[in-house]
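A short write-up of the structure that comes next.
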Amino acid sequence: VQLQASGGGLVQAGGSLRLSCSTSARTFSSLFMGWFRQAPGKERGAVIVITPSGKILYAADAVKGRFTASRDNAKNTVYLQMNSLKPEDTAVYYCAATLLIIGHITDDSTYNYWGQGTQVTVSS
């Protein structure tokens with residue numbers, strides 16, 4: 001399974017961005033999808049996890065009320081809508097996928113497949 005993340009960029013604080021993660025995998029509609037981020041000097045952490053049917057399983061406290069995820073299984077694409085962006089949201093954002101949740105949904109090791117990352121920079 002190859003994942004391709006896109007949509008990152010430079011935005012001012014208070015602005016919005018929508019990230020996309022697409023794949024050609026035939027199993028996409030069965031995949032749990034996660035968005036993770038890694039800021040400079042920090043460990044990568046989970047942002048949002050979404051079920052195959054589109055239910056949000058997890059959202060980090062830092063993004064609740066500002067970020068949401070959705071998916072279009074017909075287009076093999078998952079989205080991360082980021083609103084009210086803050087400078088502390090600056091990070092490389094990764095999408096990840098797994099067929100089975102073995103372990104905690106916020107652990108990197110739970111996910112078998114990763115996209116290449118897309119940079120999001122929020123200026124103050």
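The values are calculated or read from the model by the stated rules, or taken from the named source; none is laboratory data. Treat the numbers as computed from the prediction; the structure is a model and nothing was measured. Here Cβ is always computed from backbone atoms with ideal geometry, including for glycine, and neighbour counts include all displayed protein chains. Surface accessibility is based on the protein's heavy atoms, side chains included, excluding ligands, DNA and RNA. Shrake-Rupley method; radii C 1.70, N 1.55, O 1.52, S 1.80 Å.
A few notes on this one:
- Loop trypsin sites (Lys or Arg not before Pro), segment 1-92, which have at most 13 other Cβ atoms in a 10 Å radius of their Cβ (DSSP): Arg26, Lys42, Lys55, Lys64, Lys75
- Solvent-accessible area assigned to carbon and sulfur over the chain amounts to 47 percent, based on a 1.4 Å probe.
- In a fully extended conformation the segment linking Gln38 and Ser109 would gain 24.0 nm over its present Cα-Cα distance, using 0.36 nm per residue.
- Highest-fluctuation residue, Ser20, Ser53, Ser70 considered, GNM on the chain with Cα pairs under 10 Å: Ser53
- Based on alpha-carbon atoms, the Kirkwood radius and the radius of gyration of the chain give Rg/Rh equal to 0.94.
- Here the Karplus relation 6.51 cos²θ - 1.76 cosθ + 1.60, evaluated at θ = phi - 60°, turns the backbone of segment 95-100 into coupling constants of 9, 9, 9, 8, 7, 10 Hz, with x for every Gly and Pro.
- Computed on segment 61-110, with alpha-carbon pairs under 8 angstrom and 6+ residues apart, the relative contact order is 22 percent.
- Mean separation of Cα contacts under 8 Å (6+ apart) over length of the chain, as relative contact order %: 35
- Compared with the alpha-carbon gap, the fully stretched path from Leu99 to Thr27 is longer by 25.1 nm at 0.36 nm per residue.
- Note that segment 1-101 presents 49 Å² accessible area per residue, ligands and nucleic acids not counted, probe 1.4 Å.
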